[in-house]
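I have placed the structure first, in the form of structure tokens, so that the comments after it can refer back to it.
The values are calculated or read from the model by the stated rules, or taken from the named source; none is laboratory data. A quick note: this is a predicted structure, and the numbers were derived from the prediction, not measured. Note that we place each Cβ from the backbone using ideal geometry, even for glycine, and neighbour counts take in every protein chain shown. Quick note on the areas: whole protein, heavy atoms, side chains included, nothing else; ligands and nucleic acids left out. Shrake-Rupley method; radii C 1.70, N 1.55, O 1.52, S 1.80 Å.
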Amino acid sequence: MVNSDMAKPLLANERDDPAPSGVLCGGTISILGSGDFARSLATRLLYSGFKVVVGSRNPKRSSALFPADAEVTFQADAAQRSDLIFVAVFRNHYSSLNALAGDLAGKVLVDVSNNLESSAGRESNAEYLAALFPRCTVVKAFNVVSAWALQSGPKDGNKQVLICSDSIDARSRVASIARAMGFTPVDMGALCAAREIEDVPHRLLPLWTIPAALAICLFFFFYLYNFVRVVLHPYLMEKKNRFYKMPVEVVNVTVPCVAYVLLSLVYMPGVLAAIYQLRNGTKYKRFPNWLDQWMIHRKQIGLVSFFFAVLHALYSLCLPMRRSARYQILDDAFKQVKQNVTSSWVEEEVWRMELYLSLGIVALGMLSLLAVSSLPSVGNSLNWREFNFIQSKLGFGALVVATLHTLTFGWKRAFQANRYKFYLPPTFTLTLILPLLIILARTAFLLPCLRTKLARIRHGWEKNTGARFSDLSDASTESSSNV
């Protein structure tokens, strides 16, 4: 094989030769184009047992960039060698293929291109290609798969290949090729679906917009609230300059509030869903759309919560490193010496901080397990019971531990009058409201009367019907784990 980065597999444990002679088991597939994606596509097709013929405008120049087992020739020759052809050129170069119209007639063209912008309101690339070559069958596929995933294999990229075409047979054929390459084909229907498929790469974290916006709003709310209490109140009431606390200390008080509230919002829709089902006496009535959307975004909300919890841990570790903290320690030591105090040890405060830190570490560890199990590669290795235990029981346990962490931080401060700045309660008291409601509701659902009724509903029982269930022991267990 030639010494080219694109000609070599990206994974070190793969063989140097992508397709040794004598093991090709698939048919011949042609590729029109010699760019990065075409080279990656050729590599993966060779690994999957297909013979590959690449059509290039300059075969002599392009042949050194492709694996040795890929035959690089002129575009006209490549178009004649196979009845299934991957078109790996940009939309504005489609017209350069007009000279091949006769050779392409009656063949399947697989369009792998993407738009530079959203195709909303106009025809897709695949539809444009079909209009240019009306005697061909056009299939849209592989545009959502990156060149990295093609070279390294689907284990390191998105496994799904979205496919659409007006020909069922053509869709089935391209789906078979995708499966042979190790990907999972997804039939999207007729060619008009190409507009939606081509818009997929333009979506910037579609499921993260709401969680990110929610986190930003919570951050600004709690930051402003803490700024008023920690910085503005001392400045106005005591003429003390505390503005130096804004970059670190105020942020460190804010990020755990955001993490705690977001973690509560992960388990709040489950409580609302249970209440909704108990009230209606059936599981067959749809939840409101806002509740459905809330449930869909729970994973992303949980991961954002974990992000803010990690920030809180890092900021807390940095607190003693601040120059202001060192000055404060020196000032306190000087005051203690001046007052002839031999020991400033307060047993209650020592125990409070020990418990506070320990519970915080445990909560962060549990959140780490939740975050790791959310990764597809980890989640796919778990069976349903294991995944449900981690995400439901362990997740709720993390919420309980985080609540205890917050309570030990607050200790008696909620009952001290000097803690109410401008009559505003301490920040931790605001964050406790929602989690405590969730914990109380989840505890109430464990009562036999509610647990049994909820189990019946989730197993098909409906109010005012004759359906009866005699054995609900397993149902009760499942209900309590799914709330």
* What length, rounded to one decimal in nm, is gained on full extension from Met353 through to Ala105, with 0.36 nm per residue of separation minus their alpha-carbon distance? -> 81.6 nm
* Structure fact -> In degrees rounded to 10, the 0-90 angle between helix 347-373 Cα long axis and the longest Cα principal axis of the chain is 10 degrees
* Asked: What are the radius of gyration and Dmax of the stretch 89-190, computed over its Cα atoms and given in Å?
  -> 13.8, 39
* Asked: Once the whole set of protein chains is in place, how much accessible area is left on Asp332, using a 1.4 Å probe, in Å² to the nearest 10?
  -> 80 Å²
* Structure fact -> Residue by residue through the stretch 435-444, the couplings from Karplus 6.51 cos²θ - 1.76 cosθ + 1.60 with θ = phi - 60°, in Hz, x for Gly and Pro, are x, 5, 4, 5, 4, 5, 5, 5, 5, 5
* Asked: Rg and Dmax of the chain, using alpha carbons, in Å: what are they?
  -> 30.9, 101
* Structure fact -> Counting only backbone N atoms under 11 Å from a point 7 Å out along Cα-to-Cβ of Ser96, the residues of the stretch 56-70 in range are 56-58
* To do: Provide Cys318, Cys164, Cys217 ordered by accessible surface of protein heavy atoms (probe 1.4 Å), highest first.
  => Cys217, Cys318, Cys164
* Asked: Relative to the first principal axis of the alpha-carbon coordinates of the chain, what is the inclination of helix 473-482, with its axis defined by its Cα atoms, in degrees from 0 to 90 and to the nearest 10?
  -> 90 degrees
* Inter-probe distance in nm under a simple model that places probes 7 Å from Cα toward Cβ, at Glu386 and His202 -> 4.1 nm
* Structure fact -> Taking the reciprocal of mean 1/r across every pair of different Cα atoms in the stretch 272-421, the Kirkwood radius in Å is 19.5 Å
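Among Arg286, Arg39, what's the order by accessible area (1.4 angstrom probe), most exposed first? Don't skip to the end; give the middle numbers.
Values: Arg286 175, Arg39 25 Å².
From most exposed to least exposed: Arg286, Arg39.
Could you sort Val304, Val310 by accessible area so the largest value comes first, with the probe set to 1.4 Å? Before the final figure, lay out the partial values.
Numbers: Val304 20, Val310 50 Å².
So, going from the largest accessible area down, we get Val310, Val304.
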* Of all accessible surface on the stretch 71-153 at a 1.4 Å probe, what whole percent is carbon and sulfur? -> 54 percent
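Please list 270-277, 136-143, 339-346 highest first by mean number of surrounding beta-carbon atoms within 10 Å per residue. Walk me through the intermediate numbers first.
Details: 270-277: 18.4, 136-143: 25.5, 339-346: 8.0.
Sorting 270-277, 136-143, 339-346 by mean packing, highest first, produces 136-143, 270-277, 339-346.
Any idea of the accessible area per residue across the chain, 1.4 Å probe, to the nearest Å²? Display every interim value, and only then the final one.
Working: 25940 Å² over 483 residues.
Accessible area per residue: 54 Å².
Work out the FRET efficiency for Gln293 and Ser343 from their Cβ-Cβ distance, taking R0 = 60 Å, and round it to the nearest 0.05. The partial results should precede the final answer.
Values: r = 57 Å, r/R0 = 0.95.
Result of the calculation: an efficiency of 0.60.
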* Under a no-solvent Debye model with one identical scatterer per Cα of the stretch 224-282, what's log10 I(q)/I(0) at q = 0.13, 0.27, 0.29, 0.30 Å⁻¹? -> -0.53, -1.00, -1.06, -1.09
* Structure fact -> Note: the stretch 36-105 at 4 °C, 1.567 mPa s; Kirkwood Rh on alpha carbon pairs; Stokes-Einstein D in µm²/s works out to 104 µm²/s
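Need the full-extension length gain, Leu369 to His233, defined as separation in residues times 0.36 nm minus the C-alpha distance. One decimal, nm.
Working: separation 136, 0.36 × 136 = 48.96 nm, distance 3.97 nm.
Here the answer is 45.0 nm.
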* Based only on Cα atoms, what Rg/Rh ratio does the stretch 361-435 have, Rh being taken as Kirkwood's radius? -> 1.18
